[in-house]
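**Student:** Supplied in structure tokens, the structure appears directly below.
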Amino acid sequence: MNLLADALAWLFSPERMQGQYALPVLFGQHLLYTVISVAVAAAIALPAGWLIGHTGKGREIAVAISGAARAVPSFGLLVLLVLLLGVLRTPLAAVITFVLLAIPSLLAGAYTGFEAIDRRTVDAARAMGMTEWQIFTKVELPLGMPLLVGGIRSALLQVIATVTIGAYVNLGGLGWPIIQGIPLGRFDQVLAGALLVAVFALIVDLLLALAQRAVVPVGIRTSNPPTDLGDRRAARRASAVA
């Protein structure tokens with residue numbers, strides 16, 4: 001209990017609002033790296049995922065790539081890229097690391113969102129004379145949006161957590177109090193930094209959980225629970241990605 005009180009005292013100390021390592025500055029750095037990394041990853045993963053989901057081709061390759069990317073240790077990759085690119089390009093090495101971390105969740109959210117759609121719905125749209133682009137924009141994209149937001153939610157949380165280790169290579173961010181506090185034995189500072197990251201992640205998770213619920217089409221939201229095999233499979237996929 002004393003450690004928690006000391007951590008809170010460290011957080012709310014006036015010194016935390018001043019200087020190069022003021023908490024608002026660290027938060028801004030953390031947010032900047034998170035947003036840039038997820039945006040770049042989305043630009044890469046979403047078109048590929050939508051193409052896979054729309055055509056039904058390349059899923060095995062996407063699963064293999066996602067699995068391999070998830071298996072790469074983020075900290076090791078970050079240090080390796082810093083060594084390869086040089087300390088002057090540390091931000092670039094960090095962004096590459098975070099992008100590679102975010103791609104699997106975004107890719108999975110994009111193509112599973114389309115796969116979860118009842119094929120009869122897509123076939124009916126084609127039978128009505130809709131073009132492939134119209135099917136994509138007016139049928140697949142709206143119906144697949146909940147799983148896509150779930151993928152974005154997962155990617156953001158993973159990147160938020162991983163940006164914390166960026167302080168190890170002098171990137172700043174909310175991980176800085178943790179990295180600095182460990183060798184100094186300042187465990188109140190370490191706990192305070194961990195609390196900051198946790199609160200940031202919880203707020204983002206809550207907002208995206210609300211967004212994920214909001215993008216569910218009204219007709220689906222008010223429909224009966226899934227009863228057939230296809231609907232149950234779609235529900236399991238939605239649960240897995242979320």
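The values are calculated or read from the model by the stated rules, or taken from the named source; none is laboratory data. Computed from a predicted model, the values in this text were never measured in an experiment. Glycine also receives a Cβ, built like all others from the backbone with ideal geometry; neighbour counts cover every protein chain displayed. In case anyone asks, the SASA skips ligands and DNA or RNA and just uses the protein heavy atoms, side chains included. Shrake-Rupley method; radii C 1.70, N 1.55, O 1.52, S 1.80 Å.
**Student:** Net charge within 15 Å of Ser13 by Cβ-Cβ distance, Lys/Arg positive one each and Asp/Glu negative one each, not counting Ser13 itself?
**Tutor:** Values: positive: Arg16, Arg186; negative: Asp6, Glu15, Asp188.
Around Ser13, the charge tally is -1.
**Student:** Hey, what D do you get for the stretch 82-176 in µm²/s if you plug the Kirkwood alpha-carbon radius into Stokes-Einstein at 10 °C and 1.306 mPa s?
**Tutor:** Details: Rh = 15.6 Å.
Approximately 102 µm²/s, per Stokes-Einstein.
**Student:** Going by Cα centres, the stretch 1-26 and the stretch 67-99 are how many Å apart?
**Tutor:** Distance between centres, Cα-based: 29 Å.
**Student:** Next question, about the same structure. Could you tell me which residue out of Ala155, Pro24, Met128 lies farthest along the dipole of the chain toward its positive end? Charges go on the beta carbon: Lys and Arg +1, Asp and Glu -1, centred on the Cα centre.
**Tutor:** Farthest towards the positive end: Met128.
**Student:** Give me the percent of accessible area attributable to carbon and sulfur for the stretch 124-200, probe 1.4 angstrom. Mind dumping the intermediate values first?
**Tutor:** Working: 2320 of 3330 Å².
The computed percentage sits at 70.
**Student:** Sticking with this one: One quarter of the convex hull surface, Cα atoms only: what value does that give for the stretch 1-79 in nm²? Numbers along the way, then the final one.
**Tutor:** Numbers: hull surface 34.6 nm².
Hull-based average projected area comes out at 8.6 nm².
**Student:** What Rg and what Dmax come out for the chain when only alpha-carbon atoms are used, in angstroms?
**Tutor:** 21.1, 69
**Student:** Just going by the charge dipole of the chain, with Lys and Arg at +1 and Asp and Glu at -1 on Cβ, which of Gly49, Gly172, Ala209 is farthest out on the positive end?
**Tutor:** Comparing the listed Cα positions along the dipole, Gly49 ranks first.
**Student:** Also, quick follow-up: When only C-alpha pairs under 8 Å and at least 6 residues apart count, what is the relative contact order of the chain, in percent? Present the calculation step by step, with values, prior to reporting the outcome.
**Tutor:** Numbers: 301 pairs, mean separation 64.0, N = 242.
Relative contact order here is 26 percent.
**Student:** With an 8 Å cut-off on Cα pairs and a minimum separation of 6 or more residues, tell me the relative contact order of the stretch 117-207 in percent.
**Tutor:** On the way: 62 pairs, mean separation 18.4, N = 91.
Relative CO of the stretch 117-207 lands at 20 percent.
**Student:** Which helices, counted as full DSSP H runs in the chain, have an axial Cα extent of no less than 27 Å and a Kyte-Doolittle average of 0.0 or above? Intermediate results must be reported in sequence, preceding the final value.
**Tutor:** Working: long enough: 23-55 (47 Å, 1.45); 90-115 (38 Å, 1.51); 141-163 (31 Å, 1.57); 187-214 (40 Å, 1.82).
Counting only whole DSSP H runs, the qualifying helices are 23-55, 90-115, 141-163, 187-214.
**Student:** Among Leu143, Leu80, Leu184, pick out the residue whose Cα is farthest towards the positive end of the charge dipole of the chain, where Lys and Arg carry +1 and Asp and Glu carry -1 on C-beta, about the Cα centre.
**Tutor:** My answer, from the dipole projection, is Leu143.
**Student:** What relative contact order, as a whole-number percentage, does the stretch 1-114 give when Cα pairs under 8 Å and 6 or more residues apart are counted?
**Tutor:** Contact order relative to length: 38 percent.
**Student:** Size of the dipole of the chain about the Cα centre, Lys and Arg at +1 and Asp and Glu at -1 on the beta carbon, nothing else charged, in debye to 20? Walk me through the numbers on the way to the answer.
**Tutor:** On the way: 17 positive and 12 negative charges, 87 e Å.
With only Lys, Arg, Asp and Glu charged at Cβ, the dipole is about 420 debye.
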